[in-house]
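> Next up is a structure, given as structure tokens.
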There are 2 protein chains.
Amino acid sequence: MFYDAMARAKDPAVRSHLLDRAAHMLRTRQPVTLRALVAGTGVSTMAVYTYFGSMDGLWKALRQEGFTRLAAKLAAVSTTTDPVRDLASLGAAYLANALESPDLYRVMFDAGFELEDADAADEALHCLVRAVERAKTAGRFRGDVDPLELATHSWTIGHGLASLVATGPLPHQALAHAVPMLTALFVSAGDDPVRCRRSVERGWGQMPPAGPGTAAPRP
Amino acid sequence: MFYDAMARAKDPAVRSHLLDRAAHMLRTRQPVTLRALVAGTGVSTMAVYTYFGSMDGLWKALRQEGFTRLAAKLAAVSTTTDPVRDLASLGAAYLANALESPDLYRVMFDAGFELEDADAADEALHCLVRAVERAKTAGRFRGDVDPLELATHSWTIGHGLASLVATGPLPHQALAHAVPMLTALFVSAGDDPVRCRRSVERGWGQMPPAGPGTAAPRP
DNA sequence: CGAGGAGGCATGACGTCGCTATGTTTTATG
DNA sequence: CATAAAACATAGCGACGTCATGCCTCCTCG
């Protein structure tokens, strides 16, 4: 191949194209290998080293991309007048995002390495913190509730469920466990049991029911 | 076709030695590679194929070993007259086991959850189920509580916490979150709040405090 | 305006990975 | 003892991630 009409400047489009392609290969359960990644893209293996430094850099960027998408999904959750319902909606969005592409979710967390830029992850968690704070000022939660702590608890439940479903031990239907678990958590924070249950169920209502289409295909 | 069962006996000692060695390499964060695994053991690479069929078979066996150890740890938890305390103890044992060797824990739950023999995993979960049943018959939980469901909820909390701590997002101290979370869960099952809190704290008391060196700073 | 440094990129090679074809040794069985 | 099969060692294969080399384009400065 000749070097005709090729832009010499580092092209961000190439970078995101490689990232999208890697994410797609992950979603379709093809092994994400350097040579397979660049095959058909017209670029050579060295491009990966130009944009990501190493294969590990690509995984790190993929992880970052995952957190960025997650933060966007959580930020897109509409705020209603019922902050507890919103909390459940955030949980539903978290789980929906995780199981939309379970392999990307695994990549986000199976890391021994840390994020280059933790802003996206922090922003995602902060969505939860804000919702807890809204619930506090609305009088749904006790005054001594630590928003960060309760948000972390919600996250733990969501992650535990997402992880167990994404890796196989629990079936897809087990996602429904989130409703009683979150209800128990929010009631322990001071919310009224029956009201809480209703709020959580409403918030969870935006979670699409278990569809067989999202099951991981076995090629 | 049926191969003769009286095949030449393989040496189980070699098999478990390889497994132990792999587990040790995992714990010391050395890459578990076929050649590195057999280096120094006097056996050749083919031995791995004799005993495990493939490298993937070794990972599967390692996963099995992890669940067997976990089931043993849970079975070793003493039963007291306070079943809720026992539940918390089981949770503490679960987390202690997971963070004793986080890499093995990751292997247990990483992609492709396929166990040859799911008995160990089932037995581990059944420890929880039995504890919930004991709590029910002791009148601590409501009669309409589904033991398997509540056990799954406890597992989800334990796994979420273990996973987030083992992979880095949460610091080691975050394990203490288990106490309020489990309390909230058990209270939602019908236990008395203050009594439950006391039981969980007692059961959790057997959890060793945060050990040094495993701290994962969160930015 | 035109030489030259700088950097993106293709090519090809290197070391290691999991795996296996092949031949040898060991064991069980007639 | 002879023979078949299992366990094993050795050497090699293809694929992997990585990097040294050199070509090509762009930017800059004399």
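Quick grid of which residues meet (1) within 12 Å of chain B (Cβ to nearest Cβ); (2) surrounded by fewer than 16 Cβ atoms within 10 Å (Cβ to Cβ):
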| residue | (1), (2) |
| --- | --- |
| A:N97 | no, no |
| A:E100 | no, yes |
| A:F109 | yes, no |
| A:D119 | yes, yes |
| A:P171 | yes, yes |
| A:L175 | yes, no |
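> Now for a separate question. Given the criterion hydrophobic (A, V, I, L, M, F, W, C) and within 30 Å of A:H153 (Cα to Cα), identify the matching residue among A:L37, A:L58, A:L87, A:L18. Write out each step before concluding.
On the way: A:L37 fails: within 30 Å of A:H153 (Cα to Cα); A:L58 fails: within 30 Å of A:H153 (Cα to Cα); A:L18 fails: within 30 Å of A:H153 (Cα to Cα).
One residue alone meets the criteria, A:L87.
> While we're on this one: Only residues that are in contact (Cβ under 8 Å) with a residue 12 or more places away in the chain, of a type outside the set (V, I, T) and within 30 Å of B:E114 (Cα to Cα): list them for the stretch A:177-200, please.
Result: A:H177, A:A178, A:M181, A:L182.
> Identify, from the list A:D103, A:D117, the residue that is within 16 Å of DNA strand D (Cβ to nearest atom) and touching a residue at least 40 places away in the same chain (Cβ under 8 Å).
A:D103
> Here is a check on your reading of the model: is A:T68 modelled with pLDDT under 95 and over 26 Å from A:T167 (Cα atoms)? Steps first, answer last, please.
Values: modelled with pLDDT under 95: yes; over 26 Å from A:T167 (Cα atoms): no.
No, not satisfied.
> Which residues, taken from the stretch A:46-77, are of a type in the set (G, A, S), more than 19 Å from A:A111 (Cβ to Cβ) and within 16 Å of DNA strand C (Cβ to nearest atom)?
Correct list: A:A47 only.
> Going by the conditions given, is A:S188 open to solvent by 20 Å² or more (accessible area, probe 1.4 Å) and at the interface with chain B (Cβ under 8 Å from one of its Cβ atoms)?
yes
> Which is under 27 Å from A:F186 (Cβ atoms), part of a helix (DSSP H, G or I) and away from every other protein chain (no Cβ under 12 Å), of B:V179, B:V165, B:V132?
B:V132
> If we keep just the residues of the stretch B:31-88 that are assigned to a loop (DSSP other than H, G, I, E, B) and of a type in the set (A, V, I, L, M), which is farthest from B:P180 (Cα to Cα)?
The initial filter retains those residues of the stretch B:31-88 that are assigned to a loop (DSSP other than H, G, I, E, B), namely B:31-33, B:39-44, B:53-54, B:76-82.
Then keep just the ones that are of a type in the set (A, V, I, L, M); that gives B:32, B:39, B:43, B:76-77.
Values: B:V32: 38, B:A39: 47, B:V43: 50, B:A76: 24, B:V77: 21 Å.
Checking each candidate, the answer is B:V43.
The values are calculated or read from the model by the stated rules, or taken from the named source; none is laboratory data. All of these numbers come straight from a predicted model, not from anything done at the bench. Here Cβ is always computed from backbone atoms with ideal geometry, including for glycine, and neighbour counts include all displayed protein chains. Quick note on the areas: whole protein, heavy atoms, side chains included, nothing else; ligands and nucleic acids left out. Shrake-Rupley method; radii C 1.70, N 1.55, O 1.52, S 1.80 Å.
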